[in-house]
Amino acid sequence: MAILMATTSSTLGSKREPATATAVGTRRKRPFLLDLYSTAVGKKYVMAISGIAMMGFVLFHMIGNLKMYQGAEALNHYAEFLKKLLYPLAPKGVVLWILRGGLITMLLLHLHAAWSLTRLNRFARAVKYQGPRDYQVAKFASRTMRWTGIIVLAYLVWHLLDFTFGTVNAVGTDGTFVRGEVYENVVRSLDRPVVAAFYVLANVLLGIHLFHGAWSIFQSLGWNNPRFNTWRRGFATGFATIVVVGNVSFPIAVIAGIVK
């Protein structure tokens with residue numbers, strides 16, 4: 001009995017040491033934004049914010065290109081103006097490349113968030129619906145969102161190769177791509193019927209993507225009160241229509257000889 005009491009007293013009086021180092025180890029906390037992005041809600045916010053940024057770019061890019069209807073001097077002057085943003089406060093072309101870098105960042109975030117959400121949805125619903133429920137509930141724009149996004153991405157790559165780098169554009173009179181002749185490059189490119197048809201098709205698909213994206217933005221941000229559904233649909237339809245009509249008018253105008 002004395003031995004048992006002594007043992008118990010000794011055990012209570014001593015401090016217990018952790019069994020392993022992990023018991024007292026502290027896990028480094030991730031930054032708030034990364035922690036938020038790891039959730040489905042965070043990914044939806046990224047999708048919405050990056051989508052808004054790219055929607056703004058698409059709209060203003062189309063508006064700027066409307067100067068094509070004012071002639072070569074107006075469009076070429078506009079292109080030169082973009083290179084001189086904040087010049088001479090910033091070196092010529094630097095601000096434009098900063099904006100391009102920001103746009104590319106938004107695009108990459110948008111693509112990664114879309115891919116991540118697709119994986120989350122697939123894991124959350126491992127078994128597909130056995131009936132026509134998907135096709136009754138989902139609209140055409142939402143069901144084709146993935147494919148229109150892929151085609152629009154391919155269109156963006158072609159657009160850069162065509163008008164920015166000139167590797168797929170019709171060459172100038174001296175046999176080389178003339179970087180400063182924006183108006184002439186547009187006419188030389190869109191004057192090819194196959195290229196013009198591709199631009200028309202790509203912009204129609206862009207409009208479908210924009211319609212569903214503009215509609216989904218409000219839901220992703222939590223602003224999806226049913227009372228505003230009519231307004232949301234009107235905004236999505238109007239925005240997509242303006243962009244598509246403006247962009248599609250360019251190849252049609254060139255093929256029709258209105259712009260030459």
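Brief remarks on what is shown
- Pairs, first under 28 Å from Ile151 (Cα atoms) in segment 208-229, second outside any helix (DSSP H, G or I) and among the hydroxyl-bearing types (Ser, Thr, Tyr), C-beta under 9 Å, six or more apart: Ile208/Thr144; His209/Thr144; His212/Thr144
- Within segment 159-183, restricting attention to residues that are exposed (fewer than 11 other Cβ atoms within 10 Å of the Cβ) and more than 18 Å from Lys260 (Cα to Cα), the residue that is modelled with the highest pLDDT is Thr167.
- Residues satisfying the stated conditions in segment 184-213, i.e. of a type in the set (Gly, Ala, Ser), more than 19 Å from Thr164 (Cβ to Cβ) and modelled with pLDDT of 90 or more: Ala197, Gly207
- Scanning segment 184-197 for residues that are surrounded by 17 or more Cβ atoms within 10 Å (Cβ to Cβ) and hydrophobic (A, V, I, L, M, F, W, C) yields Val186, Val187, Leu190, Val195, Ala196.
- Of all the numbered requirements in (1) in a helix (DSSP H, G or I); (2) over 21 Å from Tyr69 (Cβ atoms), Ile242 misses one, and that requirement is (2).
- Counting the residues of segment 210-239 that are of a type in the set (A, V, I, L, M, F, W, C), in a helix (DSSP H, G or I) and under 21 Å from Val46 (Cα atoms) gives 9.
- Applying the criterion of being hydrophobic (A, V, I, L, M, F, W, C) and not in a helix (DSSP H, G or I) to the residues of segment 247-260, the residue that is surrounded by the most Cβ atoms within 10 Å (Cβ to Cβ) is Val259.
- Count of segment 46-86 residues which are in contact with a Phe, Trp or Tyr (Cβ under 8 Å, 6 or more places away or on another chain), within 26 Å of His209 (Cα to Cα) and touching a residue at least 60 places away in the same chain (Cβ under 8 Å): 5
- Screening Val254, Val168 for residues that are farther than 19 Å from Asn65 by Cα and in contact with an Asp or Glu (Cβ under 6 Å, 6 or more places away or on another chain) leaves exactly one candidate, Val168.
- Contact map, segment 144-165: first residue under 15 Å from Ile104 (Cβ atoms), second residue assigned to a helix (DSSP H, G or I) and of a type in the set (D, E, K, R), Cβ cut-off under 6 Å, separation 6 or more or different chains; the map is empty.
- Tallying residues that are modelled with pLDDT of 90 or more and surrounded by fewer than 20 Cβ atoms within 10 Å (Cβ to Cβ) within segment 214-246 yields 9.
- Residues being without any contact (Cβ under 8 Å) to a residue 60 or more places away in the chain, surrounded by 13 or more Cβ atoms within 10 Å (Cβ to Cβ), farther than 21 Å from Ile63 by Cβ and not aromatic (Phe, Trp, Tyr) - total across segment 87-111: 5
The values are calculated or read from the model by the stated rules, or taken from the named source; none is laboratory data. Computed from a prediction, not measured in an experiment: that's the story for all the values here. Counting neighbours? That spans all protein chains shown, and the Cβs are built from the backbone with ideal geometry, glycine included.
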